[in-house]
1. Please give the number of the condition GLN113 fails out of (1) under 30 Å from GLY364 (Cβ atoms); (2) crowded, with 24+ Cβ neighbours inside 10 Å.
2. Would you pick out the residues in segment 14-30 that are without any contact (Cβ under 8 Å) to a residue 24 or more places away in the chain and outside any helix (DSSP H, G or I)?
3. Checking LEU237 against (1) within 16 Å of the ligand (Cβ to nearest atom); (2) touching a Ser or Thr at 6+ places or on another chain (Cβ under 7 Å); (3) assigned to a helix (DSSP H, G or I), which test does it fail?
4. Yes or no: segment 160-168 includes at least one residue that is touching a helix residue (DSSP H, G or I) at 6+ places or on another chain (Cβ under 8 Å), open to solvent by 40 Å² or more (accessible area, probe 1.4 Å) and under 16 Å from ARG252 (Cβ atoms).
5. In this structure, does THR116 turn out to be in contact with a strand residue (DSSP E or B) (Cβ under 7 Å, 6 or more places away or on another chain) and polar (S, T, N, Q)?
6. Just one of the numbered conditions (1) part of a helix (DSSP H, G or I); (2) open to solvent by less than 80 Å² (accessible area, probe 1.4 Å); (3) more than 12 Å from ILE89 (Cα to Cα) is not true of ALA68; which one?
7. For VAL122, are the conditions met, namely being in contact with a Phe, Trp or Tyr (Cβ under 8 Å, 6 or more places away or on another chain) and away from the ligand (no atom under 16 Å from the Cβ)?
8. Against the definition (touching a Phe, Trp or Tyr at 6+ places or on another chain (Cβ under 6 Å) and either under 27 Å from PRO264 (Cβ atoms) or not β-branched (Val, Ile, Thr) (or both)), how does GLY345 come out, yes or no?
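The values are calculated or read from the model by the stated rules, or taken from the named source; none is laboratory data. What you are looking at is a predicted structure, and each value in this text was computed from that prediction instead of being measured. Every residue, glycine as well, gets a Cβ built from its backbone with ideal geometry; the counts of neighbours run over all protein chains shown. SASA here: full protein model, heavy atoms, side chains in, ligands and nucleic acids out. Shrake-Rupley method; radii C 1.70, N 1.55, O 1.52, S 1.80 Å.
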Amino acid sequence: AANPQWGGRFASGPAAIMGEINASIGFDKILWRQDIRGSLAHAAMLQKVGLLTETELAEIRQGLGDIAQEIGESRFEFSPALEDIHMNIEARLSERIGEAGKRLHTARSRNDQVATDFRLWVRDAIDGLQEQTAALMRSLATRALEHAATPMPGFTHLQVAQPVTFGHHLLAYVEMLSRDRGRLRDARARLNECPLGSAALAGTSFPIDRRMTAAALDFDRPTANSLDAVSDRDFALEFLSALSLQAMHLSRLAEEIVMWASAPFGFIALSDAFTTGSSIMPQKRNPDAAELVRAKIGRIMGDFVGLLTVMKGLPLAYAKDTQEDKEPVFDATEAMTLSLAAMDGMIRDLKANAPRMREVAGMGFSTATDLADWLVRELRVPFRTAHHVTGRLVGMAEQKGCDLADLSLGEMQSVEPQINAGVFDVLTVEASLASRTSEGGTAPANVKHQAQAWLAKLGES
Ligand code: ARG
């Protein structure tokens with residue numbers, strides 16, 4: 001049989017495969033709350049401008065409320081023949097309340113309806129992810145405060161470079177996540193215009209009040225161009241691009257966690273709650289959660305590129321291609337929600353192995369730069385010369401198989417006669433850390449300050 005929503009023009013119904021490729025109800029039913037919210041705002045506006053009576057509005061409100069309950073309690077029968085969530089709800093409304101239900105679609109099209117619903121959904125998703133991101137930042141800052149003075153090796157090229165503190169390292173990710181939050185905030189501000197009332201593509205002849213519906217749905221204003229409003233999905237793409245960057249950040253932290261938890265590093269131990277065992281090797285504790293967070297960038301960035309590719313080359317205005325906008329967004333949101341929650345759990349639970357990190361922090365002549373700086377500061381040796389002198393001392397220590405601090409004063413003076421015993425004060429990891437007081441540097445006092453500032457900024461919950 002022909003679709004009852006437009007059966008007038010059709011003699012028979014779609015081929016089975018047409019029904020299957022066309023239906024989106026399987027995935028867009030997740031929009032039901034936004035769809036009902038949008039319809040309630042639309043109906044109230046229709047009544048205000050005289051297109052619905054008060055009684056009809058009351059019936060629509062009652063009917064939509066009942067439908068919300070049916071869906072909420074899983075009593076609603078979704079019909080693939082009705083294609084999507086919009087027509088499923090509208091058809092059910094007419095079934096329940098008759099005439100008034102059939103008036104709801106006045107001055108509206110599914111094109112502005114879905115654009116509105118989807119913006120509402122993305123906006124809600126952004127709000128949820130903002131909170132989760134703030135929670136992770138709070139956990140990182142809390143652990144950073146605890147480890148403001150815990151030495152760890154800082155790396156460049158994954159070679160031991162200079163000592164840093166574990167707290168400083170964790171706060172680096174707080175900075176990244178803070179920019180991720182900024183991008184989500186920007187995306188939200190730009191998407192917050194209401195397409196409702198753009199109708200199919202050209203607007204409508206009815207005397208609608210778009211400012212009223214925009215305000216009722218907490219949008220800042222109605223969209224300005226009806227063609228743009230029903231056809232662009234840049235708001236979803238901006239969201240996905242922000243999530244791609246955030247997933248990239250989480251993936252880097254996840255990779256570090258995987259390395260730190262391995263025996264050759266031995267910097268941290270993950271909790272039982274965030275590790276798995278091996279079916280054959282009884283001793284294993286695998287960082288699966290971290291590995292999965294590391295991998296989620298694959299699907300999130302894939303979702304971004306996938307939708308970008310769908311949108312490219314689409315002529316104005318609406319085209320059914322656009323129906324493919326939803327699954328990437330739902331998928332990426334779920335992946336990010338899981339990633340943030342898992343990362344938060346790992347960070348809260350992990351135990352830092354401070355003695356091991358301290359040991360490695362001193363390896364690889366990590367205070368060589370401190371020695372060079374000392375030559376500049378105390379003996380006014382030009383830095384490039386100091387670099388050369390220090391390089392020779394490192395070579396000497398390497399040949400002897402000892403640390404810089406284990407060279408005798410005599411050995412040092414054989415390379416640079418002016419060196420005095422004061423040099424030994426700067427060769428320890430602790431001295432190196434304490435000296436890094438420049439703004440943004442790793443000195444424990446700095447790190448403590450920064451961690452406290454972040455915690456104050458992020459608030460309690
Ligand atoms: N399910 C559709 C979508 O997600 C709704 C819009 C359909 N509009 C149309 N003209 N066929 O895009």
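1. Evaluating GLN113 over (1) under 30 Å from GLY364 (Cβ atoms); (2) crowded, with 24+ Cβ neighbours inside 10 Å leaves (1) as the failure.
2. PRO14, ALA15
3. (2)
4. Yes, the conditions are met somewhere in segment 160-168.
5. yes
6. ALA68 satisfies every listed condition except (3).
7. Taking the combined requirement at face value, the residue does not satisfy it.
8. Judged against the criteria, GLY345 is a match.
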